[in-house]
1. Among the residues of segment 53-71, which ones are open to solvent by 40 Å² or more (accessible area, probe 1.4 Å) and either in contact (Cβ under 8 Å) with a residue 60 or more places away in the chain or out of contact with any Ser or Thr (no Cβ under 9 Å at 6 or more places or on another chain) (or both)?
2. Please determine, by comparing only the residues of segment 1-33 that are assigned to a loop (DSSP other than H, G, I, E, B), near the ligand (Cβ under 9 Å from one of its atoms) and hydrophobic (A, V, I, L, M, F, W, C), which one is most open to solvent (accessible area, probe 1.4 Å).
Amino acid sequence: MSACLFCQIAAGERPATIVQRSADVVAFRDIHPQAPTHILIIPTKHIVSVAELAVEDEKLMGRLLTVAKEIAQQENLGQGYRLVINTGSQAGQSVFHLHVHLLGGRAMHWPPG
Ligand code: AMP
């Protein structure tokens, strides 16, 4: 079994509330939601963070955003939503497998903390 928490979720080795699954992308509900809708969208490929992206990952990153848009529609987030990719510990990244946070269902503030 992989040592990476999100690789384990992607492989079905650890429970999660899966929202959408395909060969290259998995989306599941965040265990500590920060908004009424809080979903994590991850590549099944283990990529540590945006800082580790390779040119070959460009299409995959586009897929993450397209899946985020589809899920936002399913979750009725037509009034708006926020996509966040924390990159590195100072930015608040705590799980080192690249993930997009999809947050919605409440008013958001700017700048973020
Ligand atoms: P980040 O701090 O940007 O790395 O985000 C990691 C996110 O993963 C946090 O919002 C956590 O609440 C979430 N998280 C950690 N463990 C799990 C888990 N087992 N299932 C779902 N979400 C998780």
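The values are calculated or read from the model by the stated rules, or taken from the named source; none is laboratory data. Model, not experiment: these values are computed from the prediction. In this analysis, Cβ positions are derived from the backbone assuming ideal geometry, glycine residues included, and neighbour counts consider all displayed protein chains. Heavy atoms of the whole protein, side chains included, go into the accessibility calculation; ligands, DNA and RNA do not. Shrake-Rupley method; radii C 1.70, N 1.55, O 1.52, S 1.80 Å.
1. Leu53, Ala54, Val55, Glu56, Glu58, Lys59, Leu65, Thr66, Lys69, Glu70
2. Result: Ile31.
For (1) touching a Gly at 6+ places or on another chain (Cβ under 6 Å); (2) surrounded by fewer than 12 Cβ atoms within 10 Å (Cβ to Cβ), each residue gets a yes or a no:
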position	(1), (2)
Ala35	yes, no
Ile42	no, no
Ala51	no, yes
Gln73	no, yes
Asn76	no, yes
Arg82	no, no
Gly104	no, no
